[in-house]
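Chemist: One structure is given below, represented as C-alpha cells, and several questions about it will come after.
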Amino acid sequence: MSYIARARSQKRPSTASGGVRSLAFAVVVPVSLTLTSICYFGESDIYNNLDRPFWIPPLWALHLTCLSSAFVMGLSAWLVWAESGFHRKPMAMVMYLAHLGFSLAWETNFFKMGPTQMGLAMSLGQMVTILSCSCMFSRINPIAGDLVKLCLVWTGFLMSVNLYYVI
C-alpha cells in the first residue's frame, strides 16, 4: 500500500468517527437520562387512574414522545455545537442544560406525584428555557432552531395537560 493510500485511509475514519462520536454523545446523554427517569418514575398509577379526556394520550405515548423530544433536543444541540455555537454564545448551553433539568424534573414530578402546581411551574420553566433555546439556536443554525420548535410544541401540550388537571 502506498503512502498516499495509507494517509487517506487513516485520515477519513478519524474525522468521520469524531463527528459520529460527538453526535452519539449529544443524543445518547439526554435520551438515556430521560429513559432512566422513565424507568425509575414512569410507572404511574396516579396517571393511569386519572379520568382522561380523549385528547390526553396514554402513558406509553407520553413516554415515547418525551424520549423523542430528548432525541430532537440532543440533535439540535449537536448542530449548534458543530458550528461552535456554544463557544460564541455560552448562554445557549446554559439554557439547553436548564431545559434538560426542567424536563427531567417535570417527568419525575408529574409521573410520581401526579399533576400538581409544582409540575405546572416546572413546565412553565421548561417552556421559557426551550423558547430561549429556540431563539439562540436559530441564530446559530436555523435547522437547529426549527427542530427546537417541535419540542416547544410538545412542551406546550404537556403544559396544557398539567394545567387541565390542576385547574
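Chemist: Determine which single condition C135 fails, assuming it passes every other condition in (1) at pLDDT below 90; (2) closer than 18 Å to T155 by Cα.
Modeler: C135 satisfies every listed condition except (1).
Chemist: List the residue pairs whose Cβ atoms are under 7 Å apart, where the first residue sits in region 145-167 and is free of Cβ contacts under 8 Å to residues at least 24 places away in the same chain, the second is part of a helix (DSSP H, G or I), and the two are 6 or more positions apart or on different chains.
Modeler: K149/S134
Chemist: Looking at T108, T129, T155, T116 in this structure, which one is closer than 18 Å to A70 by Cα, over 14 Å from the mean Cα position of the chain (by Cα) and either of a type in the set (S, T, Y) or at pLDDT 95 or above (or both)?
Modeler: Just one listed residue meets the conditions, T108.
Chemist: Picking from S160, S132, S123, which residue would you name as being part of a helix (DSSP H, G or I) and more than 18 Å from I56 (Cβ to Cβ)?
Modeler: Going through S160, S132, S123 in turn, just one is part of a helix (DSSP H, G or I) and more than 18 Å from I56 (Cβ to Cβ): S132.
Chemist: Would you pick out the residues in region 115-142 that are among the β-branched types (V, I, T), surrounded by fewer than 19 Cβ atoms within 10 Å (Cβ to Cβ) and closer than 15 Å to A92 by Cα?
Modeler: Across region 115-142, the qualifying residue is only V128.
Chemist: Does F137 satisfy the condition of being in contact (Cβ under 8 Å) with a residue 12 or more places away in the chain, more than 24 Å from D45 (Cβ to Cβ), in contact with a Gly (Cβ under 6 Å, 6 or more places away or on another chain) and in a helix (DSSP H, G or I)?
Modeler: yes
Chemist: Okay, next question. Within region 44-89, take every residue that is of a type in the set (G, A, S) and outside any helix (DSSP H, G or I) and give me the one that is surrounded by the fewest Cβ atoms within 10 Å (Cβ to Cβ).
Modeler: Applying the filter and picking the extreme gives S84.
The values are calculated or read from the model by the stated rules, or taken from the named source; none is laboratory data. Note that the coordinates shown come from a computational prediction; the quantities given were computed from them, not determined experimentally. Glycine also receives a Cβ, built like all others from the backbone with ideal geometry; neighbour counts cover every protein chain displayed.
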